[in-house]
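Everything on this sheet refers to the single structure shown next.
Any read-out appearing in this document is the output of simple, stated calculations on the displayed coordinates, not a laboratory observation. Everything numeric here is computed off the predicted structure, so don't read it as measured data. Using ideal geometry, Cβ is built from the backbone for each residue, glycine included, and neighbour counts are taken over all protein chains shown.
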Amino acid sequence: MAQIASRLAAVVARMRDAERRFQRREGSVTLLAVSKTHPADRIAEAARAGQYRFGENYVQEAIRKQDALSELDLEWHFIGPIQSNKTRRIAERFSWVHSVDRLEIAQRLSGQRPEGLLPLNICLQVNISAEPTKSGLSPDQLEATAESVARLPRLRLRGLMAIPAPCHEFQRQREPFARLREARDNLIARGVELDTLSMGMSDDIEAAIAEGSTMVRVGTAIFGPRGQARLG
Ligand SMILES: *Cc1c(COP(=O)(O)O)cnc(C)c1O
């Protein structure tokens, strides 16, 4: 029972430590707990320890857990690959989507966001390490896409997200995060209002915070290792 609470505390301590080390304002980095593949009772345990933002990658799995936990006041973020036929349920059931990688998906989410809900918060996913197999906008598509997404009525464009190629060396971990920060700064200079850099996972929290992350997405360091990812 105490395990998730103590792991959460350790992650928050890493974040506060990195904020101090890299001259970031205390508390300026938010923790998104990535609960994909972990059951609802583990999420409830994290919620009892004070965590209320959770990230999920698979729509069906996420909705099952949202229904099981509906009495808790949790904020749900969708962070997985998005198929067109899943956009309606994402628009109806989440507060944030971090993984928008093309305009067509944003247009569907805007059209399908229910009127009674606040605009859906959006991050554009950027393929910052230029890996041919990874999803995400290429940096040269970013500006045009961001300007179009920012005009969609039922969305609020908040920032950029990236999942760099895994790397274990601190200085090299910083490089793709620095490129994402520069892409963000470039958009801001062109008049696109952004306040979010969604970057950093269990193994590179510190490097991401050093380069300006405002939201780290952490799974393994909180919930332990995942089994086989479930589809759906
Ligand atoms: C699974 C996942 C994470 C969490 O990764 P960990 O290494 O377990 O912390 C973060 N972001 C995305 C997009 C993910 O799919």
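Of note:
- Residue under evaluation Lys86, criteria (1) charged (D, E, K, R); (2) over 28 Å from Ala44 (Cβ atoms); (3) within 16 Å of the ligand (Cβ to nearest atom), criterion not met: (2)
- Residue check, Gln141 surrounded by 15 or more Cβ atoms within 10 Å (Cβ to Cβ), over 19 Å from the mean Cα position of the chain (by Cα) and outside any loop (DSSP other than H, G, I, E, B): yes
- Scanning the range 68-88 for residues that are surrounded by 17 or more Cβ atoms within 10 Å (Cβ to Cβ), without any contact (Cβ under 8 Å) to a residue 24 or more places away in the chain and outside any loop (DSSP other than H, G, I, E, B) returns Trp76, Phe78.
- Per-region count, the range 102-138, residues part of a loop (DSSP other than H, G, I, E, B) and within 22 Å of Arg184 (Cβ to Cβ): 11
- Condition check for Arg42: surrounded by fewer than 17 Cβ atoms within 10 Å (Cβ to Cβ) and among the basic types (Lys, Arg): no
- Against the test of being of a type in the set (Gly, Ala, Ser) and more than 14 Å from the ligand (Cβ to nearest atom), the options Ala62, Ala9, Ala46, Ala33 yield a single qualifying residue, Ala9.
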